[in-house]
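Student: First the structure, which I've put down as structure tokens, then a few questions once you've had a look.
The values are calculated or read from the model by the stated rules, or taken from the named source; none is laboratory data. This is a predicted model, so every value here is computed, not measured. When we count neighbours, we look across all protein chains shown, and the Cβ atoms used for this are built from the backbone with ideal geometry, even at glycine. In case anyone asks, the SASA skips ligands and DNA or RNA and just uses the protein heavy atoms, side chains included. Shrake-Rupley method; radii C 1.70, N 1.55, O 1.52, S 1.80 Å.
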Amino acid sequence: MTERDRIYRDPQAQIVDFAFDAQVAEVFGDMIRRSVPGYETVVPITGLLAARHLAGLPAARHRLYDLGCSLGACTLAVLQQFPEDSLTAIGVDNSAAMLDRARSAIADPRVSFVGGDICDVELEPAGVVILNFVLQFIPPERRNPLLERIRRSLEPSGLLIVSEKLRFDTPAEQADYESAHLDYKRANGYSELEISQKRSALENVMIVDSEAEHRQRFASAGFGTVRQWFRCLNWASYLVYCR
Ligand code: GEK
């Protein structure tokens with residue numbers, strides 16, 4: 001059971017940069033559902049799409065990485081959709097607090113949770129990599145090298161599943177989606193103070209790209225077909241194939 005997110009409820013003398021610490025891990029399930037439109041659809045469908053892809057690969061390719069796994073929600077969705085013993089699932093996150101909770105919530109012999117920076121961790125040959133709502137937290141100059149490494153681990157027939165918040169190049173479109181997203185947060189019970197304090201905390205930490213930038217980056221990392229499979233306001237999910 002996740003606690004209610006009240007982290008930014010009271011006025012804070014100084015807003016420090018957002019971090020995935022113990023306080024955030026404790027309320028994370030509630031925080032992400034109330035902040036990311038579509039999250040409750042993206043997680044189970046990610047499990048379904050990953051399982052479909054794994055089912056078409058030889059057992060030697062039944063390795064799955066969930067990079068930036070947080071509490072392991074997407075890992076769990078794949079474990080449920082793909083019941084084969086051949087599956088090896090590895091959730092990676094650099095927040096010890098998140099991983100402690102993931103380990104105690106998900107007891108399946110096919111999964112291991114590894115602490116580390118996804119930009120440095122060694123990736124073995126895999127069939128599917130999940131990168132849901134994580135690239136936006138990686139320093140921009142490290143995003144290309146990360147995608148290149150993922151591509152190498154996925155060759156030749158792997159699938160990368162990516163979800164991100166989007167930025168729009170047209171000011172009117174950006175303003176419309178940004179304000180609809182704020183309404184989404186208000187409708188989920190966040191106050192103006194909570195919204196503005198969280199926004200300040202995320203300012204230097206979460207750097208959002210446009211869909212064109214994502215597509216350009218996938219191409220330059222050597223990926224082939226890219227399909228948007230979900231979109232809700234300014235949040236989108238992609239299937240990114242090696243070929
Ligand atoms: C979900 N995918 O539930 N290395 C490892 N982990 C990192 C790094 C890094 N360099 N940077 C950030 N993280 C999940 C949600 S949350 C998204 C992902 C959000 C981790 C960070 O610790 C956090 O757990 C996760 O990426 C981002 O579908 O909070 O909006």
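Student: Classify region 132-203 as rounded, prolate or oblate from the Cα gyration tensor: take a ≥ b ≥ c as the square roots of its eigenvalues, call it rounded if a/c is under 1.5, otherwise prolate when a/b beats b/c and oblate if not. Present the calculation step by step, with values, prior to reporting the outcome.
Tutor: Numbers: a/c = 2.45, a/b = 2.24, b/c = 1.09.
Taking the square roots of the gyration eigenvalues as a ≥ b ≥ c, region 132-203 is prolate.
Student: In debye, nearest 20: dipole of region 85-235 around its Cα centre with unit charges on the Cβ of K, R (+) and D, E (-)?
Tutor: 180 debye
Student: If I model a spin label at Ala59 and Phe137 as a point 7 Å from the Cα along the Cα→Cβ vector, what separation in nanometres do I get?
Tutor: 3.5 nm
Student: Let me make sure I get this right: for region 94-215, a, b and c are the square roots of the gyration tensor eigenvalues over alpha carbons, sorted descending. Under 1.5 in a/c it's rounded, otherwise prolate if a/b > b/c, else oblate. Which is it?
Tutor: Cα axes put region 94-215 in the oblate bin.
Student: Please calculate how many Å² of accessible area region 1-72 carries per residue, with a 1.4 Å probe and no DNA, RNA or ligand atoms counted. Display every interim value, and only then the final one.
Tutor: On the way: 3550 Å² over 72 residues.
Averaged over the residues of region 1-72, the accessible area is 49 Å².
Student: Quote the charge dipole size of region 1-130 about the Cα centre in Debye, to the nearest 20; the model charges only the Cβ of Lys and Arg (+1) and of Asp and Glu (-1). List each step's numbers first, then the result.
Tutor: Numbers: 11 positive and 18 negative charges, 89 e Å.
Dipole size: approximately 420 debye.
Student: A further question on this structure: For the chain, build the charge dipole from Cβ charges (+1 Lys, Arg; -1 Asp, Glu) around the Cα centre, then report which of His53, Ala77, Ala22 sits farthest towards its positive end.
Tutor: Farthest towards the positive end: His53.
Student: Still on this model: Each label point is 7 Å from the Cα along the Cα-to-Cβ direction; what then is the distance between the points at Asp176 and Thr41, in nm?
Tutor: The two pseudo-label positions are separated by 1.8 nm.
Student: So, one more: For region 141-237, give the percent of accessible area contributed by carbon and sulfur heavy atoms, probe 1.4 Å, rounded to a whole number.
Tutor: C and S atoms contribute 50 percent here.
Student: Now a separate question. If you roll a 1.4 angstrom probe over the protein chains with everything in place, what fraction of the accessible area of region 1-129 belongs to carbon and sulfur, to the nearest %?
Tutor: C and S fraction of accessible area: 49 percent.
Student: Rolling a 1.4 Å sphere over the protein heavy atoms, what is the accessible area per residue of region 84-136, to the nearest Å²?
Tutor: Values: 2240 Å² over 53 residues.
For region 84-136, the per-residue accessible area is 42 Å².
Student: Now, a different point. For the chain, what is the percent of antiparallel DSSP beta bridges, rounded to the nearest 5?
Tutor: Values: 13 of 32 bridges.
Approximately 40 percent, going by the DSSP bridge assignments.
Student: Taking 0.36 nm per intervening residue step and subtracting the Cα-Cα distance, what contour gain separates Val226 from Arg9 on full extension? Mind showing how you got there, number by number?
Tutor: Working: separation 217, 0.36 × 217 = 78.12 nm, distance 3.94 nm.
Contour length minus Cα-Cα distance gives 74.2 nm.
Student: Oh, and also: Using the basic label-point model (7 angstrom from Cα toward the beta carbon), what is the Ala187 to Ser104 distance in nanometres?
Tutor: Placing both labels 7 Å beyond Cα along the Cβ direction yields 3.5 nm.
Student: What is the sum of charges, Lys and Arg at +1 and Asp and Glu at -1, for the other residues whose Cβ falls under 11 Å from the Cβ of Tyr177? Numbers along the way, then the final one.
Tutor: On the way: positive: Lys165, Arg167, Arg231; negative: Glu173, Asp176, Glu178, Asp183.
Once all neighbours under 11 Å are counted, the net charge is -1.
Student: Quick one: which of 139-145, 13-19 comes out on top by average Cβ neighbours within 10 Å, and what's the full order, highest first? Walk me through the numbers on the way to the answer.
Tutor: Values: 139-145: 12.4, 13-19: 10.6.
Ranking, from highest mean packing down: 139-145, 13-19.
Student: Please report, for the Cα atoms of the chain, the Rg to one decimal and the Dmax as a whole number; what are they, in angstrom?
Tutor: 17.6, 56
Student: Is it possible to state the helix-based mean residue ellipticity at 222 nm for the chain, with each DSSP H run of 4+ residues giving -39500 (n - 2.57), the sum divided by total residues, to the nearest 500 deg cm²/dmol? What is it?
Tutor: -13500 deg cm²/dmol
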